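Input: a single structure, listed below in structure tokens.
The values are calculated or read from the model by the stated rules, or taken from the named source; none is laboratory data. Given the structure is predicted, the values throughout are model-derived calculations rather than measurements. Note: ideal-geometry Cβ built from the backbone for every residue, glycine included; neighbour counts use all protein chains shown.
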Amino acid sequence: MHNTCGWLRFGRRMIWLACLTALVLSVAACSGSGDGNSATKPGQKIDMTFWSWVPGIDQAVALWNKENPNIHVTLQKIPSGSSGGYAKMHAALKAGNAPDLAQVEYQEIPGFLMGSNLIDLSQYGAGKYQSRFTPWQWKEGVFGGKVYAIPQASGPMGFFYRADLFAKAGISRPPATWAEYEQDAIKIHQSNPTEYIGTFPPGNSAWFTALAWQAGANWFGTSGDTWTVHIDTPVTEKVATYWDRLRTEHVIKTEPDFADGWYKDLQTGAIAGWVSAQWGDAIITGNAPGTSGMWKVAPLPQWTAGGTDSANWGGSSTAVLKGAKHPQQALQFATWLNSDPQSIALLIKGGYGWPAATSGYVGSSLDQPSPFFSGQKYNDVFADSDQHINESWTWIPTTDQAYQHLNDGFSAAVNGKGSFLESVKAAQGQVVDDLKSAGFKVSTAQ
Amino acid sequence: MAAVHRRTTRAAWGFLTPFLVLFAATFLLPIGYAIYESLHKNSLSGPLGLGGSHTVFAGLSNYSRALGDAAFLASVRRVLLYAVVQVPVMILLAVALALLLDTVSARAVRFFRATYFMPYGVPGVIASILWGFLYTPGTSPVLALAGHAGLHPDLLGGGSVLWSIANIVTWEFAGYNMLVVTAQLQAIPGDLYEAARTDGASAWQIARRVKLPLLRPAIVLTTVFTIIGTLQLFAEPLILKPVSTGISNDYTPNLSAYNSAFANNDYYLASAKAVLLAVAAFVLSFGFLRLVGRRGGASR
């Protein structure tokens, strides 16, 4: 650090402040021309900007532009949301020069609503497209009866596992319940001390959140004019205690997921399974190509034998941002992008996740047996999973902060300070404080 | 005469203007904006607070929020602990390397100087990624070797990652600091050494009694830079975060401000944290300068 670099660092902070200043100064220049829902005359060409990071989406946009020469969409690839994409959007919104459309993940939608940054699409007739999408995914963009986002893709969950390693440990079938998952974890680690059934990623609490969701938790909600927070409920505590036990028994790893060490473990078989979402297939096939033919997919382990409860991990929508000049056409494009069969085919090819459109799966390239997954038609598991997701789950405007509290608590637990259970209990108060200090009304009443 | 003077003044302003404009636009204005932001907050209206938001004056409430945030205060304590270890290690190493190079033969000097300086040419982000690989079990050849010897050190855990970061920073900047000290060493007139040798001083005595006292300005300078750099620790923990379980979102004050701004979208709180950090760096740097200034005066 030291020397010029110390100043460089200082300078870097100054740079974003300078950029912000420049952006704010440009508000005056832009806002004059930006507003007004100009009705377009027939034959008039319009141009819209769309920010996204989804791989392969450029091809779908190109197809739209070919089919709709008068409504041109300019795609600008941005870093994924959590890697700076949202920061970019919020800065642009603050400055008044945001794009017309943007990629917004489900858990971020309330955060964008916070400054009325999304346009209510129901006033442009979004309601009539509802039937094209999976009901719970449609609801992710609906607040107070208004539609703010068109769902794109999601991550219904299942259990990826190395059938060969399970067999070697003397396990003949995948765990049907979490109790069996624990027994299998013990068996696998005992049969080979360098192998584990999986990792509990302490820095990725979105994963834990999904498992609490599966167990029947409803952390967030609204009641009239007030946000409600119920994180430290018996259901969530049951899930936290379960993983605390596996952690203290040392039958799971506690290394970060999506990190070099973890990818290496996928390749070497040091982890024999992954509780993940449908899009996890691309992660495994892309990062551990040498394990082709060894994997299978099973439904999520259940808390009650014979249950079918599932959850979702990750999901994304197309939203129309404040200041968009042609919201009507933007809605038209967003709906086409996420429900037109040709567009979906291109997006599936790029690996965008699980289609939010109800017609997306059957007959698509997902709907086929895969040699990588032992010839299993594994997406049937996720198609079924998608039908059993607790639909009442909602998010809050401060979801990111809630994740951070859990990440910090879980990481401390892994380092010997506290436990997952204590982190969950502490998060309740922390999340309430976050909402309050952001200016929201909060209730924790049942 | 007056006309010449006026022309000179005009020329001076002419030359100064580009600097002053840039200085105001990239330094004064952003600092002013950060201070302005730190005194404001969002106010929400409408059902569920989603009706709309506007900026209102918040007084010092962002500062009291930052100072009342246990995680932010812990991050300040963490970098202070880090500084207490890192600053002396860095300075001792830089001075020792410079003094050693000063005593070896000319050709070897150039080679070693370039070698020590080379890490500084690697951007901090790249260095952190490289070291991240070396710290991660499974990808690190060093850890693989240690494993064969029966050692399994956890270099990325909560107790050790701060020192793993210190190692990266030392690797990056010791050579640079060494160069600053070397430049000062070369400015010392050779007849001083000659006089010392004539008086019977050994190489060790020359280093201790002649070189070190004369290196004082360079040591003070590198120390101030190291203090500031230490407080602003950012890139290394940010890059190591995904591979470590020991780095929280508020690991260092800079990381905390970054998260407030870009993850939590609270630019107001982030600005308050940034201003607090700048004030702390200012106080510590000038405090150190006054401390050494006073001592220097007393010994004279």
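What to note about this one:
- Sole exception among (1) under 27 Å from residue A:354 (Cα atoms); (2) in contact with a Phe, Trp or Tyr (Cβ under 9 Å, 6 or more places away or on another chain) for residue A:229, by number: (1)
- Search result, residues across segment A:110-143 that are touching a strand residue (DSSP E or B) at 6+ places or on another chain (Cβ under 8 Å) and at positive phi: A:116
- Checking residue B:81 against (1) within 11 Å of another protein chain (Cβ to nearest Cβ); (2) aliphatic (A, V, I, L, M); (3) within 23 Å of the chain's Cα centre (by Cα), the condition it does not meet: (1)
- Residue in segment B:244-258 that is out of contact with any helix residue (DSSP H, G or I) (no Cβ under 6 Å at 6 or more places or on another chain), at pLDDT below 95 and over 16 Å from residue B:124 (Cα atoms) present: yes
- Conditions (1) of a type outside the set (Gly, Ala, Ser); (2) free of Cβ contacts under 8 Å to residues at least 40 places away in the same chain; (3) crowded, with 20+ Cβ neighbours inside 10 Å; number of the one not met by residue A:160: (2)
- Here residue A:222 does not qualify as within 14 Å of chain B (Cβ to nearest Cβ), part of a loop (DSSP other than H, G, I, E, B) and hydroxyl-bearing (Ser, Thr, Tyr).
- Matching residues, segment A:47-59, being among the hydrophobic types (A, V, I, L, M, F, W, C), closer than 30 Å to residue B:242 by Cβ and part of a strand (DSSP E or B): A:50, A:51
- Scanning segment A:176-206 for residues being among the small types (Gly, Ala, Ser) and either at positive phi or away from chain B (no Cβ under 14 Å) (or both) gives a total of 5.
Okay, residues lined up against (1) part of a helix (DSSP H, G or I); (2) among the β-branched types (Val, Ile, Thr):
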| site | (1), (2) |
| --- | --- |
| A:138 | yes, no |
| A:152 | no, no |
| A:158 | no, no |
| A:167 | yes, no |
| A:170 | no, no |
| A:194 | no, yes |
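- Residue in segment A:249-304 that is surrounded by the fewest Cβ atoms within 10 Å (Cβ to Cβ), counting only those that are closer than 16 Å to residue A:378 by Cβ and among the polar types (S, T, N, Q): A:292
- Unmet requirement for residue B:53, which otherwise passes all of (1) surrounded by fewer than 18 Cβ atoms within 10 Å (Cβ to Cβ); (2) not in a helix (DSSP H, G or I): (1)
- Residue within segment B:91-101 that is surrounded by fewer than 15 Cβ atoms within 10 Å (Cβ to Cβ) and under 20 Å from residue B:232 (Cβ atoms) present: no
- When segment A:60-90 is filtered for residues that are closer than 22 Å to residue B:238 by Cβ, touching a residue at least 12 places away in the same chain (Cβ under 8 Å) and part of a loop (DSSP other than H, G, I, E, B), the ones remaining, listed by number, are A:78, A:79, A:80.
- The set of residues from segment B:65-78 being within 11 Å of chain A (Cβ to nearest Cβ), of a type outside the set (Lys, Arg) and under 17 Å from residue B:271 (Cβ atoms) comprises B:68, B:69.
- Within segment B:176-192, residues that are closer than 11 Å to residue B:219 by Cα reach partners that are assigned to a helix (DSSP H, G or I) and polar (S, T, N, Q) with beta carbons closer than 7 Å, at six or more positions or on different chains, in the pairs B:177/B:222; B:180/B:222; B:181/B:222.
- Counting only helices (runs of 4 or more DSSP H) that sit completely within segment B:179-253, those holding 3 or more residues that are closer than 30 Å to residue A:199 by Cα, within 14 Å of chain A (Cβ to nearest Cβ) and out of contact with any strand residue (DSSP E or B) (no Cβ under 9 Å at 6 or more places or on another chain) correspond to B:235-240.
- Applying a threshold of 6 Å to beta carbon distances and a minimum spacing of six or more residues, or different chains, the list of pairs starting in segment A:329-345 at a residue that is among the hydroxyl-bearing types (Ser, Thr, Tyr) and ending at one that is surrounded by fewer than 20 Cβ atoms within 10 Å (Cβ to Cβ) reads A:339/A:132.
- Checking each residue in segment B:154-173 for being in a helix (DSSP H, G or I) and at the interface with chain A (Cβ under 9 Å from one of its Cβ atoms) picks out B:169, B:172, B:173.
- Taking segment B:205-250 as the range and being over 24 Å from residue B:290 (Cα atoms) and of a type in the set (Phe, Trp, Tyr) as the test, only B:234 passes.
- Consider segment A:78-96 and keep the residues that are farther than 13 Å from residue A:111 by Cβ and among the hydroxyl-bearing types (Ser, Thr, Tyr). The one that is nearest to the other protein chains (Cβ to nearest Cβ) is A:83.
- Helices (runs of 4 or more DSSP H) wholly inside segment A:332-446 containing at least 2 residues that are modelled with pLDDT under 95, within 14 Å of chain B (Cβ to nearest Cβ) and more than 30 Å from residue A:163 (Cα to Cα): A:399-414, A:420-437
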